[in-house]
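A.B. asks: Submitted below is the structure of interest, expressed as structure tokens.
The values are calculated or read from the model by the stated rules, or taken from the named source; none is laboratory data. Everything numeric in this text was worked out from a predicted model, so none of it was measured. When the accessible area is computed, the model is the full protein with side chains, heavy atoms only, and any ligands, DNA or RNA have been set aside. Shrake-Rupley method; radii C 1.70, N 1.55, O 1.52, S 1.80 Å.
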Amino acid sequence: MTLRLYDSLRRSTNDVEPLTPGQLGLYVCGPTVYGPVHVGNARPFVVAMTLARHLRRTGWEVRVVSNLTDINDKIYTAAQAEGIESRDLAERESARYLDDTSRLGLGRPDVEPKVTESLPEIVEMIEGLIAGGHAYASDGDVYFRVADFPSYGALSGQKIDEMQPEEITSKKQAPLDFALWKAQKPGEDAAWESPWGMGRPGWHIECSAMAMSALGEEIDIHGGGIDLKFPHHENERAQSEAMTGRPFARTWLHNGMLRFGGDKMSKSLGNIDRLSDALDREGNETLLSLFARAQYRSPLDYSPDSLEDARKSNDRLREALRRAARIAGDVAPAEGGPLATAAAEADARFRAALDDDFGTPEGLAALFDLVRVVNAATDAGDVSPADVAQARAILIDCLWVLGLDGLGATADGPPVEAVALMQEREAARATKDFARADAIRDELKVLGWVVQDLADGPELQQA
RNA sequence: GGCGACGUGGCCGAGUGGCUAGGCAGCGGCCUGCAAAGCCGUCCACACCAGUUCGAUUCUGGUCGUCGCCUCCA
């Protein structure tokens, strides 16, 4: 099966043709670490990490690179507001970002460069652009000459003559030229040496330099939020391709925005839910389920209702896996049975869906269809444990791609006192002492357990 | 104003020129001392108006509306 992805530059879905057969490099723009990230900031991270899981599972060798922008105007501002060094604030927020995203349970990108650790590459690239005549130094700043890059605007669809300048400054030769290097300003407590004096890199050059440093001059896939398409990715593309004379990214991958209360979740609007708060409150599996339920390019409604839907649909998966585990017991999985066959077909549908522009909703639909088949078979009773075990194993394997394999985790067994109460309840039910049986249900609830009367006897579940 | 995306059933959210998305919620049934879980059945769709077509929710044009970008932004 061929991997197909929508490319924002070509505005169409295309077969992905890797630079090196069997290998894919994926660069995704990370956050500016000036404060806690919100749930919307997590979407590109989740898309990149789950896409990488799918690709690895289907035989690709993948290298994921995601940067941390730890030099930025906002960091100076935030640090001043707190009365601390900007470097300290950036380090603190970088650590917090790593902690928050790690809690999603998807692992880490292979490389996570920081701007503060990438100054040599950045300066080198700026020097190269100046040497090639694509950029010019001006009173401590360095600017990229936009007029020098004819296809500027192709990615974002902007027309040069209708665009407003990014920043008005007399140091520029043309209004649209953007900064590659900015001279240190009064009050900025962090600056680096350069051929143009003390200063810091501009916002866009850092990503080009770090991406090229980690993945080479041409990269397979460049991802990020669609709000970065202009000017950030437009400028990245311009400076990178001006530098190398080659295409920068073979596929530009843009994820849609999270909507919260009808608008894009953003710090400036104030309609945010911090990722750490959401993880505390909802748990990682609910958030990952919510992300997987929508196609990555679509805007995604983030609301109490959609979170509840995500949580309850996870409950359905968890319950099915629990029922399957109960029947499978310790029996080793075996192929060839009817459920194993159905699971293999669901897996094929799952892989095909994800190969087609990472269609996680269709992939999930395949898994839910499998759940219904497995539930129906176990209800009917004529299933072999090995067959159920195989279907369960495949289901968990697919869920792993989305970070939802934890739904199949077998919880610790109930404590002896709960088991004793359950047995006492069985005795009471046998003598039709239902008042006592119901009372025991309440006692179990206090202990944190719920009893379910299944066809082959009662079972305790954590409440 | 310019550029782009989108308007799907109670809600979320896929997809397709004619063939079941899926989840959540609702209703009926089975099972059940109760409850839970599960299974079966079922109701509710493709913003509006034209056009192309044997046939459009799916293509084209228009209208209305929503969102994103054009400024820091995942």
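A.B. asks: Dimensions of the range A:280-382 along principal axes (Cα, Å, largest first)?
C.D. replies: Taking the Cα atoms of the range A:280-382, the three principal extents are 43, 32, 21 Å.
A.B. asks: Note the angle between two axes, namely the Cα long axis of helix A:39-57 and the longest principal axis of the Cα atoms of chain A, as a number of degrees from 0 to 90, rounded to the nearest 10.
C.D. replies: 70 degrees
A.B. asks: Further, regarding this structure: Hey, which of these cross-link pairs are over 18 Å Cα-Cα: A:K114/A:K172; A:K74/A:K182; A:K171/A:K229; A:K182/A:K267; A:K182/A:K229? Display every interim value, and only then the final one.
C.D. replies: Numbers: A:K114/A:K172 28 Å; A:K74/A:K182 14 Å; A:K171/A:K229 25 Å; A:K182/A:K267 25 Å; A:K182/A:K229 22 Å.
With Cα atoms farther than 18 Å apart: A:K114/A:K172; A:K171/A:K229; A:K182/A:K267; A:K182/A:K229.
A.B. asks: If we restrict to alpha carbons, what Rg and Dmax does the range A:416-462 come to, in Å?
C.D. replies: Spelled out, the Cα radius of gyration and Dmax of the range A:416-462 are 9.6, 27 Å.
A.B. asks: Now for a separate question. Mind listing the long-range amide H neighbours of A:D301? Cut-off is under 5 Å, sequence gap 5 or more, other chains count too, H placed in the peptide plane at 1.01 Å from N.
C.D. replies: Under 5 Å from the amide H of A:D301: A:R259.
A.B. asks: Once neighbouring chains are kept in place and the probe is 1.4 Å, which whole percent of the accessible area of the range A:21-76 is contributed by carbon and sulfur? Could the numbers behind the result be given before it?
C.D. replies: Working: 710 of 1450 Å².
Whole-percent figure for carbon plus sulfur exposure: 49.
A.B. asks: For the range A:143-261, what is Rg from Cα atoms divided by 2.2 N^0.38 Å, rounded to two decimals?
C.D. replies: Values: Rg = 15.3 Å, N = 119, 2.2 N^0.38 = 13.5 Å.
It is 1.13.
A.B. asks: What is the angle, in °, between the Cα long axis of helix A:86-102 and the longest principal axis of the Cα atoms in chain A? Nearest 10 is fine, range 0 to 90.
C.D. replies: Rounded to the nearest ten degrees, it is 30.
A.B. asks: Taking every DSSP beta bridge that has both residues in chain A, what percent is antiparallel when rounded to the nearest 5?
C.D. replies: Details: 25 of 46 bridges.
Among the beta bridges of chain A, antiparallel pairing accounts for roughly 55 percent.
A.B. asks: For chain A, treating each Cα as an identical point scatterer without solvent, what Debye log10 I(q)/I(0) comes out at q = 0.08, 0.11, 0.12, 0.14 1/Å?
C.D. replies: Here log10 of I(q) over I(0) equals -0.57, -0.93, -1.05, -1.31.
A.B. asks: Report the extension gain between A:D277 and A:I160 in nm, rounded to one decimal, defined as 0.36 nm multiplied by the number of residues separating them, less their alpha carbon distance. Show your work: numbers first, answer last.
C.D. replies: Values: separation 117, 0.36 × 117 = 42.12 nm, distance 4.15 nm.
Residue separation times 0.36 nm, minus the Cα-Cα distance, leaves 38.0 nm.
A.B. asks: Please work out the Kirkwood hydrodynamic radius for the range A:352-402, using every pair of different C-alpha atoms, and report it in angstroms with one decimal place. Working shown, then result.
C.D. replies: Details: mean 1/r = 0.0849 Å⁻¹.
Roughly 11.8 Å, rounded to one decimal.
A.B. asks: Probe radius 1.4 Å, ligands and nucleic acids ignored: give me the carbon and sulfur share of the accessible area of the range A:416-462 as a rounded percent. Show your work: numbers first, answer last.
C.D. replies: Working: 1620 of 2950 Å².
After summing per-atom areas, the C and S share lands at 55 percent.
A.B. asks: Quick one: Karplus J couplings for the range A:286-303, per residue in order, coefficients 6.51, -1.76, 1.60, θ = phi - 60°, nearest Hz, x for Gly and Pro?
C.D. replies: 5, 5, 5, 5, 4, 4, 5, 5, 10, 5, 4, 7, 7, x, 10, 7, 10, 7
A.B. asks: Report the extension gain between A:D139 and A:L447 in nm, rounded to one decimal, defined as 0.36 nm multiplied by the number of residues separating them, less their alpha carbon distance. Please report the intermediate quantities before stating the final value.
C.D. replies: Values: separation 308, 0.36 × 308 = 110.88 nm, distance 7.14 nm.
Gain on stretching A:D139 to A:L447: 103.7 nm.
A.B. asks: Have a look at the range A:4-255 and give its Rg and Dmax from the Cα atoms, expressed in angstrom.
C.D. replies: 17.9, 53
A.B. asks: Okay, moving on. Given the -39500 (n - 2.57) contribution per DSSP H run of 4+ residues, what per-residue ellipticity at 222 nm results for chain A, rounded to the nearest 500 deg cm²/dmol? Can you show the working numbers first?
C.D. replies: On the way: 14 runs with 211 residues, N = 463.
Theoretical 222 nm ellipticity from helices: -15000 deg cm²/dmol.
A.B. asks: Step through the residues of the range A:338-348 one at a time and calculate ³J(HN,Hα) from phi using the Karplus curve (6.51 cos²θ - 1.76 cosθ + 1.60, θ = phi - 60°), rounding each to whole Hz and writing x for Gly and Pro.
C.D. replies: Whole-Hz 3J(HN,Hα) from phi for the range A:338-348: x, 6, 4, 5, 4, 5, 5, 5, 5, 4, 4.
A.B. asks: Here is a further query. Can you work out the accessible area per residue across chain A, with the rest of the protein chains kept in place, probe 1.4 Å, in square angstrom? Intermediate results must be reported in sequence, preceding the final value.
C.D. replies: On the way: 20240 Å² over 463 residues.
Solvent-accessible surface per residue comes out at 44 Å².
A.B. asks: Nearest 10 degrees is fine. How inclined is helix A:203-215 to the longest principal axis of chain A, computing both from alpha carbons?
C.D. replies: The angle comes out at about 70 degrees.
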